[in-house]
Each structure stands twice: as C-alpha cells, then as structure tokens.
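The values are calculated or read from the model by the stated rules, or taken from the named source; none is laboratory data. Because the structure is predicted, anything quoted here is derived from the model rather than measured. FYI the Cβ positions are ideal-geometry reconstructions off the backbone, even for glycines, and counts take in every protein chain you see.
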Amino acid sequence: MSDLMANVSDAVRDLRYLLNRGYPRDSAVNFVANHYRLPLNQRHLLARCVFSRREVAKHRRKSVKASAVRGKRLGVDGYNVLITLESILIRKQVVRCDDGYVRDLRAIFGKYRVSPATSRALTALLRIIAKAKPSYVELLFDKQVSRSGELAGMVRQRLEQMKLKGDAQATGGVDLKLSSFDVAASSDRAIIGRAK
C-alpha cells in the first residue's frame with residue numbers, strides 16, 4: 001500500500017474536495033489524475049476508492065452484515081467478487097475504500113482469465129455464502145467476457161457439490177439483474193447505488 005500511496009495523498013484530498021462540492025465524478029478524477037500526472041494504478045485508486053461524503057453515507061447505509069443474508073435471495077456480481085478474492089489470495093493490491101468496501105486495483109475488466117487462484121477464491125466465496133445461509137444464491141457473470149459460460153458451469157458444479165440452492169449464469173445486464181435480489185454482493189458503485 002505504501003508504494004501506491006506515495007505522492008497520491010494530495011490527489012486524494014483534492015478529489016474529495018471536488019466531489020464534496022458536486023463536481024462530476026469522471027471529470028474530477030481525470031482533472032486531478034492529470035494534474036498530478038498519476039500512473040495508471042493511482043488513477044484506478046482515485047476512480048474506484050475515493051468518494052464524496054454523501055456517497056460514502058449512501059454506500060454504508062446499503063452495506064449489510066452476513067447475518068442479514070440468512071433466508072434471503074442473494075445475487076452475486078460474479079467477476080467483481082471473484083477478482084477481488086483472487087487479488088487477496090495472490091497478494092495483489094486491494095484497498096479498503098472511503099466507503100468501507102474492499103476493491104481490487106488490477107483493472108482486469110473484460111480480460112479476466114481463470115487461473116490457479118480461481119478455484120481457491122471460489123471455494124472461499126462459497127464457504128462464506130454457505131455460512132450466511134441464503135435461501136437461494138445466484139452468481140452472475142458478464143457474458144461479454146470470454147469463457148463466462150464455462151466459469152458459470154464450474155460454479156454450478158461447486159454449488160451442487162456444496163449442496164447450496166442456487167445457480168450461476170453468463171448473462172447480459174448483470175447490474176440491473178442484481179437489483180432484483182433481496183441482497184446483492186458487489187463492490188461496484190453502480191450496483192451499490194441500485195441495491196435495496
């Protein structure tokens with residue numbers, strides 16, 4: 001974290017200042033990142049982890065404890081959660097952001113590939129879900145990412161092995177579909193914004 005934070009604290013402060021005064025997020029992030037000539041990883045830090053006080057409060061209100069999942073329908077933003085868990089397992093950069101959510105800074109987006117860490121991350125995720133005891137769980141993977149269908153198939157097998165009632169699918173419109181669940185698991189700000 002220290003390498004990432006070197007020379008970025010002023011940029012974080014300036015971005016918070018602009019966001020707290022209502023400046024558009026994308027413009028403010030670009031302005032501050034360009035002003036400080038930040039490298040890509042620090043730009044990702046600003047874009048993913050720095051929020052206005054208002055947005056922090058909104059995100060925190062929507063955060064729930066694992067105990068609140070019991071008996072509810074749980075929708076999981078498959079790539080978002082899996083990539084973050086993989087990042088933790090392989091010791092890549094993850095950050096606890098202003099809003100309290102943990103986010104990775106790998107900027108994988110549509111370039112995700114199944115790796116040796118995938119199985120470990122999936123096992124960890126499904127164990128956490130099993131302990132939370134939702135009535136049903138569905139992991140949704142963006143179908144535009146290569147091999148999403150294969151990954152969803154692997155998840156379905158694991159759900160069956162662990163005797164968890166649920167499904168996994170490669171689909172479009174993941175953000176919108178997650179808003180139909182009782183609880184949505186994601187650190188994506190758009191999904192958090194739509195969550196109940």
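Table for the structure above
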quantity: Residue in region 147-156 that is in contact with a strand residue (DSSP E or B) (Cβ under 9 Å, 6 or more places away or on another chain), in a loop (DSSP other than H, G, I, E, B) and at pLDDT below 95 present; calculated: yes
quantity: Only listed residue being over 16 Å from the mean Cα position of the chain (by Cα), among the hydrophobic types (A, V, I, L, M, F, W, C) and assigned by TED's automatic domain parsing to the domain that holds residue 121, chosen from 68, 28; calculated: 68
quantity: Helices (runs of 4 or more DSSP H) wholly inside region 1-96 that include at least 2 residues being in contact with a Cys (Cβ under 8 Å, 6 or more places away or on another chain); calculated: 40-49
quantity: Matching entry among 53, 103, 96 (being at pLDDT 95 or above and over 15 Å from the mean Cα position of the chain (by Cα)); calculated: 53
quantity: Qualifying position, being surrounded by 13 or more Cβ atoms within 10 Å (Cβ to Cβ), of a type in the set (D, E, K, R) and farther than 20 Å from residue 191 by Cα, among 127, 158; calculated: 158
quantity: Filter result (surrounded by 18 or more Cβ atoms within 10 Å (Cβ to Cβ) and polar (S, T, N, Q)) within region 140-155; calculated: 148
